[in-house]
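Working notes, structure below.
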Amino acid sequence: MPQKSEILIPQWMQEHNNYSPKKDREGFLSKTILGIFKLFRHFHIEKNEKLSRVRAGFRTLLVIGIIILTSVSHNLIFCGAVAAGFLLYLCGTKIDILKRTLGTAFTTAFFTALIMLPSYFLYKSNSVITITGKVFLSTGIVSLYAQLTPWNKITSALRFIKIPEFIVFILDLTIHYILILGNCAYEMLFALKLRSVGKNKNKQNSFSGILGSVFLKSLEITKETQQAMECRLFDGSYKFSKSKIHAIDFLPLILLIFYIALFVYTL
């Protein structure tokens, strides 16, 4: 019988690999990925519609009306009534929505107070308190409205209150592009982090490559969107679905009338 030939393993394959890559700082890359992930979570979060069953169009009218009245008013009683209603409604929301709303409102109010603080020492004016409170209410109401209302209902609400179709089209297309291009950048950043071994001294080259790829992707999507619109004979008109109006839908209008009457009374 023929003898079996022995297979010899090379010496270099039998040696133990002692390679240990140098540690690298990836704080910027990790924070960038985390920031994009939080942005996606904000857009794709399941909106708490059970707390706001009212039609988005009537809610939009209420939000715009309260912001305008609060900005014009010079009476602290009216601003206090708006703050009481806002905080009372905020108490019925989920804890994560409450944290994000108050975090946004307090952050903008803090920077407003810093900007307005020199006017208090120079002119002894109390406008720093008034303007800071108005900014707190306005940003808080808008943040709460954005978190409780899906983006498709916001665009339909803008058409409900007769916002020009061109503006609605730009807003809707911008939101979709943010999601698509952000997802593309997120995947490339995550792939870069997984493939990074050792210390990378040229992080700016990798980051610039990602930006270039995202830019080329945006050009490709733009051409595809244009061709799709031409094939479907898109004429720029936005149609929103009309559903049956219920009695609860008039609640924002009642509240808006109440605040208008209070505003006129406190003049």
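Here, each number is a calculation from the coordinates, and none is a lab measurement. Since the model is a prediction, treat every value here as computed from it, not as a measurement. All Cβ positions, even for glycine, are placed from backbone atoms using ideal geometry, and neighbour counts span all protein chains on display.
Below is a table of values for the structure above.
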read-out: Dipole of segment 90-221 [Lys/Arg +1, Asp/Glu -1 at C-beta], most positive-end residue of 152, 142, 173; value: 142
read-out: Cα coordinate range in segment 141-187, projected on the principal axes (Å, largest first); value: 38, 26, 13
read-out: For segment 137-149, Karplus couplings with θ = phi - 60° (6.51, -1.76, 1.60), whole Hz, Gly/Pro x; value: 5, 5, 5, x, 5, 5, 5, 5, 5, 5, 7, 8, 10
read-out: Rounded Å value of the spacing that divides the Cα centres of segment 245-263 and segment 109-156; value: 23
read-out: Highest-first arrangement of 153-165, 95-107, where packing means the average Cβ count within 10 Å; value: 153-165, 95-107
